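Single-structure report; data block below.
The values are calculated or read from the model by the stated rules, or taken from the named source; none is laboratory data. Only a predicted model underlies this, so the values are computations on that prediction, with no experimental measurement involved. Every residue, glycine as well, gets a Cβ built from its backbone with ideal geometry; the counts of neighbours run over all protein chains shown. Only protein heavy atoms, including side chains, enter the accessible area calculation; ligands, DNA and RNA are left aside. Shrake-Rupley method; radii C 1.70, N 1.55, O 1.52, S 1.80 Å.
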Protein chains: 4
Amino acid sequence: MSHNTFGRLFRVTTWGESHGPAIGCVIDGCPPRIALTEDDIQPFLDQRRPGQSTFTTQRREPDEVRIYSGVFEGLTTGTPISLIIQNTDQRSKDYGEIAQTFRPGHADLTYHLKYGIRDYRGGGRSSARETAMRVAAGAVARRVLGPTIRVRGALVQVGPYVIDRSRWDWGEVGNNPFSCPDAAMVPVWEQYLGEIRKSGSSVGAVVEVVADGVPPGLGAPIYGKLDSDIAAALMSINAVKGVEIGDGFATAAYTGPENADAMHMDGTAIAFEANHAGGILGGISTGQPIMARFAVKPTSSMLTPVPSVNVTGEDVQVVTKGRHDPCVGIRAVPVGEAMLACVLADHKLRHRGQVG
Amino acid sequence: MSHNTFGRLFRVTTWGESHGPAIGCVIDGCPPRIALTEDDIQPFLDQRRPGQSTFTTQRREPDEVRIYSGVFEGLTTGTPISLIIQNTDQRSKDYGEIAQTFRPGHADLTYHLKYGIRDYRGGGRSSARETAMRVAAGAVARRVLGPTIRVRGALVQVGPYVIDRSRWDWGEVGNNPFSCPDAAMVPVWEQYLGEIRKSGSSVGAVVEVVADGVPPGLGAPIYGKLDSDIAAALMSINAVKGVEIGDGFATAAYTGPENADAMHMDGTAIAFEANHAGGILGGISTGQPIMARFAVKPTSSMLTPVPSVNVTGEDVQVVTKGRHDPCVGIRAVPVGEAMLACVLADHKLRHRGQVG
Amino acid sequence: MSHNTFGRLFRVTTWGESHGPAIGCVIDGCPPRIALTEDDIQPFLDQRRPGQSTFTTQRREPDEVRIYSGVFEGLTTGTPISLIIQNTDQRSKDYGEIAQTFRPGHADLTYHLKYGIRDYRGGGRSSARETAMRVAAGAVARRVLGPTIRVRGALVQVGPYVIDRSRWDWGEVGNNPFSCPDAAMVPVWEQYLGEIRKSGSSVGAVVEVVADGVPPGLGAPIYGKLDSDIAAALMSINAVKGVEIGDGFATAAYTGPENADAMHMDGTAIAFEANHAGGILGGISTGQPIMARFAVKPTSSMLTPVPSVNVTGEDVQVVTKGRHDPCVGIRAVPVGEAMLACVLADHKLRHRGQVG
Amino acid sequence: MSHNTFGRLFRVTTWGESHGPAIGCVIDGCPPRIALTEDDIQPFLDQRRPGQSTFTTQRREPDEVRIYSGVFEGLTTGTPISLIIQNTDQRSKDYGEIAQTFRPGHADLTYHLKYGIRDYRGGGRSSARETAMRVAAGAVARRVLGPTIRVRGALVQVGPYVIDRSRWDWGEVGNNPFSCPDAAMVPVWEQYLGEIRKSGSSVGAVVEVVADGVPPGLGAPIYGKLDSDIAAALMSINAVKGVEIGDGFATAAYTGPENADAMHMDGTAIAFEANHAGGILGGISTGQPIMARFAVKPTSSMLTPVPSVNVTGEDVQVVTKGRHDPCVGIRAVPVGEAMLACVLADHKLRHRGQVG
């Protein structure tokens, strides 16, 4: 992970600003002879695309991806895959006022402090629009992982409302605009987010991502641990403030016996009696499902006025008028899945290089 | 972060096994002409050293560090700094039985699955002994950061017992064997850990690390974000299962106004009215204190028997007799500080290269 | 240097195939607030552009570059700079026959052996067309280097004809289609290359690149040496088979006294009495001009038939009909300059991070 | 290649100064379950060791290597391998005068200019002593390459005397103190170097390194080309000023037909009729022997006085008295072999990760 590139053997470099002509990414290190067309990528972009319900920003982007290189006659060639999405619905006039003021909680300020310049239009480079390319790269990563490894995600908390895990049903995730696996929670979130949106406020959320079918052995101690890379990948998503693997922070209150994932032989295979570890021990996958969660803070762009300062050093009240997500956590679900898929694809390739 | 190296410009590579002849690290990229002797490093190692109270492992290692290169007449030269600690108290016989069995929750199993071989003595490479070199590197990182940046840590939760932040007093941290900033919590933990130890069990904990005096502008979007690198660094520590920046997971329940760190001008400086963000926005430091927390799971080595399997595929009960920490979180405090110091030193140097 | 990316702090990732819809690059790590428009890049592309004389391929590409990101209101922002050139003159039918046969001396064979697939149209990814993006990146690197560092190149040998260095005149380089600094050599090469071209053959060449105004101190021992990075960068150019720094291979025949670049004080500055070292000692710049040369082998695409094999394992005679350069060394001059500029820009930024 | 580390999956980090207590390296990424003891490494160190003939420095170092980590019960474990050699024969008093003066052609000056400090004793970090660790790492790389890939080297030029390739006999290389494959050349070099040594001078040389048995497909276009990495690796060796692959600079004078390595089928295998390309096309191995040559300039440390300057800015005459090699090229043979072995080991592992 460095600057605008992540991964070591499966390497993704993204570029582009919210209101530039286009955004894109270059995926380097994808193995050859994998079938890949735009149709393998587009469905995931459609899932992330804004404007699909009243709970996400009303910016309308078709987010149509095009493969510019690295694929020949429908197969990857081992050369870099360039993916580009044209930007079409840039209403830069909405952002005129943030040219001069800093939204509290937003990267406006820090880009200004670091670089002395920023493309303020729509948040420029720091816009969540960049995550579209993560999702596109994640779709390619899924092809590298193959059909036996499945990466899924769900929203498990919105504001104070946490799902009941005993009601978890992956089949429900596609039946509601929140990627919620607990059907009973959907109306609660619906009403709560409706109020948040109407009041011009925003709210945080927690996303859970899970990978099934991951073979044991992925991950590289000590500083290339699988969980360390997952933490970096998820924490790099806009607005994320916390990452957990397996039972995460809850393990702080466990005793050793409570935390131990006991094992026994099931024929010739090792069977685990629990998965508190989230499928990773010592930074290496165990063969159990990889489980991670991340916390997404509330959008800092909102109608509620907040005291702030401007570039000329005056106190101001900031109100962000543009089109925003009342809960960015919703659209973070496919992004989290994509990051997990990319990390796993990278480690799948690294593992081959590590064990010789 | 890759294999056994972390950092990009301030790069630390560690080596060594728990029961090998020595452990060491190579620090590459330390700027020249910084005064450095063993005396700058030893105090931090002494803080992490085992055997200092009944609450940590009784292995007795003097952990005496020696500088083998990179320093000339008391000053760094810009060449790699090699630090070595001889291992002295290796009782390998204690570990005979874990040669054949896998401790649930321990890297024994995954090293075996990945590599088909492991130095089982004392956990080999996966032993927390490796963290001694992180602490040593962190001491060098502190010299790179200079006197204006201060990195400190504290234990804020042991099992179910969480400190009261209103009683936080940095001055108390050195007054108890837990690095606890809340004097009133010390006797509670003392009694609780005493019981845990006597029962042959173990327990988890939460550590908080804070850096004051960090200038704004450190960090590199999008995949070299400061918080992303901190997450990777802390998650790479043995037994860590979760990482938070600022208010972390709590922000999921916040509304936008609750989460916003309002600003106003204080003379010519920007003043923040809160620090929910933990000193980082958009992956770049704001100038506020950097605040991070991490959850440490209970030690998997304990006297309580747990069902497990052995290398020949039989069901067994595992009891780990050796010398272990009932709460590894205690000794993780200086390790967490060290990792934060290293990440900051790396980003301090990177920042110079980024802004030209 | 890894896969399709080179540089560490000034990082360039290129993508695209000869006959795909476009080629491009992403430049990551360019410092902020540098004035940059397409007009800063286009002149260098025009210099490399094919079809400008009878001595280069007749493929006609306008090679018009467009900046897609990383620049706002005419200034770089510190975010990745995406440059794209549309391909327009792809006559894929010319290449039908090389789909099945391997041109001796060409990457056709090795891409096939490694990946089991290749985009054969025009050489696909291994085409010299990729070097257009190196030239574009080099133009940005020059802006990072600033006006005091000047990078220039010249052709110094074509086939058996070597220039007379005593007649070296930088002013002549732009006056002939060869970038030849020795006016007296121009007619010799003209006649020789005319014959080579008519006979359907090709020929090798040597290019020299020089950077003036490089400050002392750039370069990082031991494995980030400036000359090591220059060697990697120049050797990565298509068809390059050798790289020299300073007097290069000639130094093998020197004695120590012959090779020594004696020094004396010139006021308060160190003056060198020679530059056999090519401006680099111990991998670090001395302040003298950086001088490097590289050998370019003859184009393997030519009308002369050569015994070869095809993908189905039969003996064949290969004749390459398409449009080719009789001497690719000519168009390698701006590419060599660009690579040197990129390496220097990278080391300029790294130096800031190294000395703290 | 960065700072003091080279390689991407087979990564070698070296540390240590000529007159420090020890030198060492850490090899990260060596696959597990490879038999490895000190006896696999020592013979290569013995070949490089100084003081073995009158033609190399008289410094006497046993150069006894010890494995400190990464090997368990005689097998590699996949964890970092730490190798250390104690320094024993440091006569620092020999170097007192170079504390204040800069030897022309030596890194003394540039370390001073870059870092403002240097360990001047015996050249400190820039001493050829560092190459002992390259040789040690190369011995481990050979184990990774396995018995089918053989890496050998020879001295092919000393001063003006070039071997006759038609007399090349690998069997002769071990029969003379020069690693000369042409028995008829040995007495010529013997007499010539005797004179050079007596006169207190030094002389350059050319080394050739060859790897047989390399499978096709190693190497990664565009910037991870095998030849590009070999060039970087060889150019990083002390005193190297030029690198060639295959016929190298000679190809500049070739025509296309002269340069083409024609092919035909030999049963089901591809047979090449020549190897001008040195076993690499488009940066990827062809399956032919990998052939590279590098030029080593004359030692800059010599008894012949050369005009120079000192740290206080005065003109001086420099005479280097210590113990030096009249022709460092001789001891560069095992170093060149080691670097080639390391690059190949790295690419062998990378290839597995590239093709999935």
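A few points about this structure:
- Of everything in the stretch B:34-48 that is assigned to a loop (DSSP other than H, G, I, E, B) and in contact (Cβ under 8 Å) with a residue 40 or more places away in the chain, the residue that is most open to solvent (accessible area, probe 1.4 Å) is B:Ile34.
- All told, C:Ala183 falls short of being closer than 20 Å to C:Leu234 by Cα, of a type outside the set (Val, Ile, Thr) and touching a helix residue (DSSP H, G or I) at 6+ places or on another chain (Cβ under 8 Å).
Conditions tested, residue by residue: (1) in contact (Cβ under 8 Å) with a residue 24 or more places away in the chain; (2) more than 26 Å from C:Thr13 (Cβ to Cβ); (3) more than 7 Å from chain C (Cβ to nearest Cβ).
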site	(1), (2), (3)
D:Gly204	yes, yes, no
D:Val210	yes, yes, yes
D:Val214	yes, yes, yes
D:Gly219	yes, no, yes
D:Gly224	yes, no, no
D:Ala233	yes, no, yes
D:Ile237	yes, yes, yes
D:Val240	yes, yes, yes
D:Ala250	no, yes, yes
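- Taking every residue in the stretch B:98-117 that is in a loop (DSSP other than H, G, I, E, B) and pairing it with any residue that is modelled with pLDDT under 95 and of a type in the set (Asp, Glu), at least 6 positions away or on another chain, the pairs with Cβ-Cβ distances below 8 Å are B:Phe102/B:Asp108.
- Scanning the stretch B:1-33 for residues that are assigned to a loop (DSSP other than H, G, I, E, B) and surrounded by fewer than 19 Cβ atoms within 10 Å (Cβ to Cβ), we see that the one that is modelled with the lowest pLDDT is B:Pro21.
- Selected residue (criterion: most open to solvent (accessible area, probe 1.4 Å)) from residues of the stretch D:239-268 that are under 19 Å from C:Arg293 (Cα atoms) and touching a helix residue (DSSP H, G or I) at 6+ places or on another chain (Cβ under 7 Å): D:Phe249
- Qualifying residue in the stretch C:163-184 (condition: farther than 28 Å from C:Gly24 by Cβ, in contact (Cβ under 8 Å) with a residue 24 or more places away in the chain and at the interface with another protein chain (Cβ under 9 Å from one of its Cβ atoms)): no
- Any hit, the stretch C:243-253, residues being under 25 Å from D:Met302 (Cα atoms) and out of contact with any strand residue (DSSP E or B) (no Cβ under 7 Å at 6 or more places or on another chain): yes
- Long-range neighbours under 8 Å by Cβ, at least six apart or interchain, first residue more than 7 Å from chain D (Cβ to nearest Cβ) within the stretch C:300-314, second open to solvent by less than 50 Å² (accessible area, probe 1.4 Å) and aromatic (Phe, Trp, Tyr): C:Asn310/C:Phe102; C:Val311/C:Phe102
- Some residue of the stretch B:257-276 being touching a Gly at 6+ places or on another chain (Cβ under 6 Å) and closer than 25 Å to B:Ile330 by Cα: no
- Residues (of a type in the set (Phe, Trp, Tyr) and either in contact with a Gly (Cβ under 7 Å, 6 or more places away or on another chain) or modelled with pLDDT under 95 (or both)) located in the stretch D:146-196: D:Tyr192
- Qualifying residue in the stretch B:120-135 (condition: within 26 Å of B:Ile230 (Cα to Cα) and more than 21 Å from the chain's Cα centre (by Cα)): no
- Residue check, C:Gly329 facing chain D (nearest Cβ under 9 Å) and either open to solvent by 10 Å² or more (accessible area, probe 1.4 Å) or more than 30 Å from C:Asp28 (Cβ to Cβ) (or both): yes
- Being facing chain C (nearest Cβ under 7 Å), crowded, with 24+ Cβ neighbours inside 10 Å and farther than 30 Å from C:Thr312 by Cα is a property that does not hold for D:Thr320.
- Yes/no for C:Ile230 being part of a loop (DSSP other than H, G, I, E, B), closer than 21 Å to C:Val151 by Cα and not basic (Lys, Arg): no
- Sole exception among (1) open to solvent by 50 Å² or more (accessible area, probe 1.4 Å); (2) within 30 Å of A:Pro31 (Cβ to Cβ) for C:Ala132, by number: (1)
- The residues of the stretch D:135-175 that are part of a helix (DSSP H, G or I) and open to solvent by less than 20 Å² (accessible area, probe 1.4 Å), listed by number, are D:Val135, D:Ala136, D:Ala137, D:Gly138, D:Ala139, D:Val140, D:Ala141, D:Val144, D:Leu145.
- Every condition in (1) within 27 Å of the chain's Cα centre (by Cα); (2) of a type in the set (A, V, I, L, M, F, W, C); (3) surrounded by fewer than 24 Cβ atoms within 10 Å (Cβ to Cβ) holds for C:Leu344 except the one numbered (3).
- Summed over the stretch D:107-127, residues that are surrounded by fewer than 24 Cβ atoms within 10 Å (Cβ to Cβ) and under 13 Å from D:Asn238 (Cβ atoms) total 1.
- Residues in the stretch C:176-222 that are in a loop (DSSP other than H, G, I, E, B), buried (at least 24 other Cβ atoms within 10 Å of the Cβ) and over 22 Å from the mean Cα position of the chain (by Cα): C:Pro221, C:Ile222.
- If only residues of the stretch B:87-97 that are part of a loop (DSSP other than H, G, I, E, B) and at pLDDT below 90 are counted, the one that is most open to solvent (accessible area, probe 1.4 Å) is B:Arg91.
- Residue check, D:His351 touching a Phe, Trp or Tyr at 6+ places or on another chain (Cβ under 9 Å), over 28 Å from D:Leu45 (Cβ atoms) and open to solvent by 30 Å² or more (accessible area, probe 1.4 Å): no
- Hey, D:Arg60 at pLDDT below 95 and open to solvent by less than 10 Å² (accessible area, probe 1.4 Å) or not: no
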